[in-house]
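What follows is a short report on a single structure.
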Amino acid sequence: MEKRRRLVVAGDGEGDGGEASGSAARGLVESLPEALLVEVVVRLELEAACSAASSCRALRAAAAAAFSAVTSLDLSMFPPTNAILNRILAGNGALRCLAVNCSLLDDSAVGAIAKGSLRELSLLKCSSFSSYLFVAVGERCKNLRSFVLEMAASDDDEHFGICRKSIAHIVKGCGYLENLSLKFFPLLGPGSVDFESLVPIPSTIKVLLLQPVSNWQAKRLFPISTSLKTSISNTLESLSLVLDIITDELVAFITGSLHNLVELCLEDNPMKEPDLHNDLTNVGLQALGLCHNLAHLSLTRGKQNCSSTFRRVTDFGIMMLADGCKQLKTIRLAGFSKVRDAGYAALLQSCKDLKKFEVSTGYLSDLTCLDLDEAAPKMTEVRLLCCSLLTSETAISLSSCTKLEVLDLSGCRSIADSGLASISQLSKLTLLDLAGADITDAGLSALGNGRCPMSSLCLRGCKRISNNGIASLLCGSGTINKTLISLDIGNVPRISGRAVTLIAKNCEQISSLCLRNCLLINDSSLETLGSMRHNLGKSSLRMLDLSYCSRLSRNFLGLFEPPFFRGLRWLGVGKNMLERRGCSPTVAELLERKPGLTVCGNACEMGCRNQCHPDIRRQ
């Protein structure tokens, strides 16, 4: 099959010989049975299938036949143009699940997207749709069960404002909707999005996510009234809100209306320090005990606008939460500056079914995690972020949790090599984040010789490690070089091209690599990486972050031209590198040759995670 695909490409040759070989290739392909060609197209990745479809009529017909029968399609990592999307979805009446990266789409693609057969629709990174999108989905997708929308502000504020006020079309038109997720970026001021059109919330909704929503809007969505209690309380199971402020009153409205709530996620970003009587206190945490089915709880306060915390919540409030919600399986807390070991230990001791535990910027010490395997024997995920009081003793304690699969100690700067020696023996650990830890090459050697089937490892900002440590990690007696999919070694001053070469040669499945702010990385470092081949000649690398790698030349983008970095879907380069003059090729020229590639110049985290902004081709 590989030989036949190369024959199709032969038509790109120059002169009479190239034209002749191209005609011969097309003739050979067109003589093959259509069923065989359809089978070939089905096995190709989407970008390759689209390229093949443009080569000759036989493959174009095979691609159309293959796409017409697809019932589930995920284009979230591939930003199609209007033309490509229309070509892929034309004639498909069987599609039930569709996820699309809409950064290059506008209203011209709405006709292809809004199909009556759809049950699940996810439109991600939208920036150029008008209210027509909402009208079309509401009118055509009558059987839609799940609708997920991410929309970024465009240069046209009026256009964006109309979209924010068009949500009602979806709610009124899709009478069977069970999952509704609406995210608008950036987080605008309170009341900037018209979520009041959701009142009353349809009785079919089971999962609801709104971002951003003001405190007063949220209270109107969940009024404690007899007329609405029946329609909401028996259906809504999961609620996620990104607010301007979380208050006791809001928690009371939610717990008073939603008695069958299983999951509650509340996040706020106050513009200023909350007033004494307009904040979350111990009373609000006590009210959560009314949700007897609550299994997953997330309460977080961000510091994007001001350095505020939940300073009116103390250990006593956390203890009341632990006593009222003993059935919790997931706990995520951030911004609780007055809570200490006693409060966190109470949660761990009371919630015997706890599987996931996360605390950010918490004032907990090693005492919290003592005997954690006995207190929470089902624990599979622990995330203790930026907890400055934690030391390697916590890592040693956590090593007794034999079921642990995820361990995130990022920002815990006192974690040292002695902790890694214990962690390396966890036989089920697949994700480990040690960003900013005080580890050395000796610690990486322990991981490289350990038992962990690691698929994701973050060493960002571990300034004491070097190329030798990467060699010990990937060339040890363990299996990490065979299981590692994601590696972050950004902001490590002694990482150079040697480490990149080791990764390219030893990591068979590496899909995501972060090298941001590695100042020794240069063009030659990327040449080896770009030509690496694993898995029968294919490159596994899909995402690469090179933001702030200042030693790269102004022409480094030429290293990403075909045939190098085949399969790459996302490239982070940083705004300062895009602003260089005289680059060859330019970003526009590279993206024309690689339409399936997304180039981010906004210094986003890998894959623009949790970010939504217009594609660079529209900026």
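In the stretch 54-87, what residues are of a type in the set (Ser, Thr, Tyr) and either at positive phi or surrounded by fewer than 19 Cβ atoms within 10 Å (Cβ to Cβ) (or both)? Matches in the stretch 54-87: Ser54, Ser68, Thr71, Ser72, Ser76, Thr81.
State whether the residues of the stretch 149-166 include one that is at pLDDT 90 or above and surrounded by 18 or more Cβ atoms within 10 Å (Cβ to Cβ). There is at least one residue in the stretch 149-166 that is at pLDDT 90 or above and surrounded by 18 or more Cβ atoms within 10 Å (Cβ to Cβ). On inspection, Asp488 qualifies as charged (D, E, K, R) and buried (at least 21 other Cβ atoms within 10 Å of the Cβ). Just to be sure, is Ile510 under 24 Å from Pro595 (Cα atoms), β-branched (Val, Ile, Thr), touching a residue at least 12 places away in the same chain (Cβ under 8 Å) and outside the structural domain of Ala49 (by the TED database)? Taking the combined requirement at face value, the residue satisfies it. Here the strands (runs of 3 or more DSSP E) wholly within the stretch 287-402 that include at least 2 residues being within 19 Å of Asp248 (Cβ to Cβ) and not aromatic (Phe, Trp, Tyr) are 296-301, 330-334. From the list Ser23, Ser108, Ser51, the one residue that fits, being surrounded by fewer than 20 Cβ atoms within 10 Å (Cβ to Cβ), in contact with a helix residue (DSSP H, G or I) (Cβ under 8 Å, 6 or more places away or on another chain) and either at pLDDT below 85 or aliphatic (A, V, I, L, M) (or both), is Ser23.
The values are calculated or read from the model by the stated rules, or taken from the named source; none is laboratory data. Note that this is a predicted model, so its numbers are computed, not measured. Cβ atoms come from the backbone with ideal geometry, glycine included; neighbour counts cover every protein chain shown.
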